[in-house]
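Written out below as structure tokens is the structure these notes cover.
The values are calculated or read from the model by the stated rules, or taken from the named source; none is laboratory data. Just so it is clear, the structure is predicted and the values come from calculations on it, not from any experiment. Cβ sites come from the backbone with ideal geometry, for glycine too, and all protein chains shown count toward neighbours. Please note that ligands, DNA and RNA were not included when accessible areas were found on the heavy atoms of the full protein model with its side chains. Shrake-Rupley method; radii C 1.70, N 1.55, O 1.52, S 1.80 Å.
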Amino acid sequence: MRVRERHAVVIVALLALTACGGALAACGGSPTPGPTASPAPPPCTPDTGTVDWDEPTSTPSLLHVVARYRDDARTTWRDLLDRPYTPEVTGDGTDRSWVPTLARSLGELHNLSLGPDTSPRDELTQLHTMLENSTQRGWVLGYSGTTLVEAGFRVTCGTGDPTPITGTLTTWNTIDSGFLSCDDTTSRDEPATYPDAWNYCPAD
């Protein structure tokens, strides 16, 4: 009887081990570690990827125009244009937060000082100050402008041959200022960076 009892104990133990799947974890033992999940890759941006550029184009653009009239009887002021420029980035998957990094990248590539933010908003005040010191009679214009720089880009992240994010950056270069006398008609045909400034000369 003892031999049979011993055989029965062995059989019960084997059945219990089989029910546990041959592992202690199934019966309340230490859990078997699962596979470790790979961390998600960071979003693809100009800061995390490589930026390639197309050749940029440049377009002069007036930003601010102030007119001042002076004679023996009066001095009159008119603010005719107040249009600060805000950089833009377009393209699927792009974001306005990309502008500073893209402006720095394109600027370093072509040795340009490109604006990462909106152009200065105090240009009208500075033009007023400039014209206050002028004794020129009649209508005189003070103006400021910039060169808008536009270029297509591609941002590539990861290894292999991933599809790049493509878009276009448009931003501004340095600010230029000047003035002209509306009575000086002989200068209208001379080469100028901002020839459309003449269109702001008041008719009265």
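Structure above, values below:
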item	result
Count of region 68-90 residues which are exposed (fewer than 12 other Cβ atoms within 10 Å of the Cβ) and touching a helix residue (DSSP H, G or I) at 6+ places or on another chain (Cβ under 6 Å)	0
Residues of region 158-170 classified as touching a Gly at 6+ places or on another chain (Cβ under 6 Å) and open to solvent by 30 Å² or more (accessible area, probe 1.4 Å), total	3
Residue tally, condition open to solvent by 50 Å² or more (accessible area, probe 1.4 Å) and touching a residue at least 40 places away in the same chain (Cβ under 8 Å), over region 99-114	4
Options Leu127, Leu141, Leu131, Leu112; residue that is closer than 15 Å to Leu81 by Cβ and in contact with a helix residue (DSSP H, G or I) (Cβ under 8 Å, 6 or more places away or on another chain)	Leu141
Output for region 184-204, where each listed residue is aromatic (Phe, Trp, Tyr) and crowded, with 18+ Cβ neighbours inside 10 Å	Tyr194, Tyr200
First in region 42-67 and loosely packed, with under 12 Cβ neighbours inside 10 Å, second anywhere and in a loop (DSSP other than H, G, I, E, B) and not basic (Lys, Arg), Cβ under 6 Å, 6 or more apart	Pro42/Thr48
Qualifying residue in region 171-183 (condition: hydrophobic (A, V, I, L, M, F, W, C), within 29 Å of Arg78 (Cβ to Cβ), open to solvent by less than 70 Å² (accessible area, probe 1.4 Å) and not in a strand (DSSP E or B))	yes
Residue among Gly145, Gly93 that is open to solvent by less than 80 Å² (accessible area, probe 1.4 Å), out of contact with any Lys or Arg (no Cβ under 9 Å at 6 or more places or on another chain), small (Gly, Ala, Ser) and at pLDDT 95 or above	Gly145
Scope region 115-138; condition touching a Pro at 6+ places or on another chain (Cβ under 9 Å) and open to solvent by 20 Å² or more (accessible area, probe 1.4 Å); matching residues	Pro116, Asp117, Thr118, Pro120, Arg121, Gln126
